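Below is one structure; the comments refer to it alone.
Read-outs: derived from the displayed coordinates by stated rules, not from any lab. As the structure is a computational prediction, the values presented were derived from the model and not from experiment. All Cβ positions, even for glycine, are placed from backbone atoms using ideal geometry, and neighbour counts span all protein chains on display.
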Amino acid sequence: MREMGFSLKANLKNLSGPRHPDREKQFREIARKTKAFRGQGLPILSVDAKKKEVIANYSNAGRIWRKALIEVDDHDFPDPELGRAIPFGIYDVVRNRGFVGVGTSAQTARFGVDALTEWYRREGRTIYPEAEEILVLCDNGGGNGSANRLWKYDLQRFADRFQVGVQVAHYPPGASKWNPIEHRLFSFISKNWAGQPLISYETVLNYIRTTKTETGLKVRACLLPKSYEKGIQIRDEDMNRINLRRGRVLSNWNYKIRPS
């Protein structure tokens, strides 16, 4: 087989599917927004939810340098009593800093905004005391999707609480790998706990907090043990009260929510 040019190869996740017709236009709009915010010294945040992790003494992909093997359970059936860790990350693009809220319940829009709230409460308002607006870059589906009503409704609550505007730009469908948080934060967290059983929430938090890179990445993390209800419906009248201004370019993907 080798003489014929064959070798053992793994799958390569490189195909993003059909391109949305407005893909390049949205990338240009995101580039324009980030340039403007960077020039004004305003926060640029890339946000997303990371893959859920089962809390248990189970095998974790990857290898580490050790003198002895780590013994783990010989099965990996989820145990509802042990729970799952649901990381939602906020990556400060300009400062190369990460913040991760680790949930224990469900990945919802409210959970994502609560993680954003914790970032702002614990460090955002101290680092950017003069900022009247933040830019949030996010994917186009799930809890922070452009069609998610609860996402916009809770961002209004965030804006009202802290009296700061939130400008949102969604990446086109099928382009989530271009969201900076994926390759600047989440990939390094995965490398840091590779080969290590995630036996407790404290273990998860510890590996997130000790994630560093040669370029100076530092990460903070906290646990969000609140129970998040799925399927919350936001009424039309509540949506109409949101102080939302849509952008002139691809208005469904670009909008601003101001304090009421």
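Quick notes
- Likely footprinting exposure, Arg149, Arg38, Arg241, fewest C-beta neighbours within 10 Å first: Arg241, Arg38, Arg149
- Size of the chain as Cα extents on the principal axes (Å, biggest first): 59, 49, 36
- Loop trypsin sites (Lys or Arg not before Pro), segment 173-206 (other Cβ atoms within 10 Å of the site Cβ: 14 or fewer; DSSP): none
- Within the same chain, lysines fewer than 8 places from Lys212 are excluded, and of the rest, those with a Cα less than 22 Å from its Cα are Lys50, Lys51, Lys52, Lys177, Lys191.
- Sum of -39500 (n - 2.57) over DSSP H runs of 4+, divided by residues of the chain (222 nm, nearest 500): -7000 deg cm²/dmol
- Student exercise, segment 1-132 dipole from Lys, Arg, Asp, Glu Cβ charges, in Debye to nearest 20: 780 debye
- From largest to smallest, the equivalent ellipsoid semi-axes obtained for segment 22-113 from the alpha-carbon gyration tensor read 37, 17, 13 Å.
- With at most 13 other Cβ atoms within 10 Å, longest stretch of the chain clear of loop GluC sites (Glu not before Pro) (DSSP): 133-213
- Cα pair count fraction exceeding 18 Å, expressed as % - segment 99-159: 35 percent
- Rg(Cα) / (2.2 N^0.38 Å) computed for segment 66-170, rounded to two decimals: 1.34
- Separation between Cα centres of segment 94-150 and segment 194-239, rounded to whole Å: 11 Å
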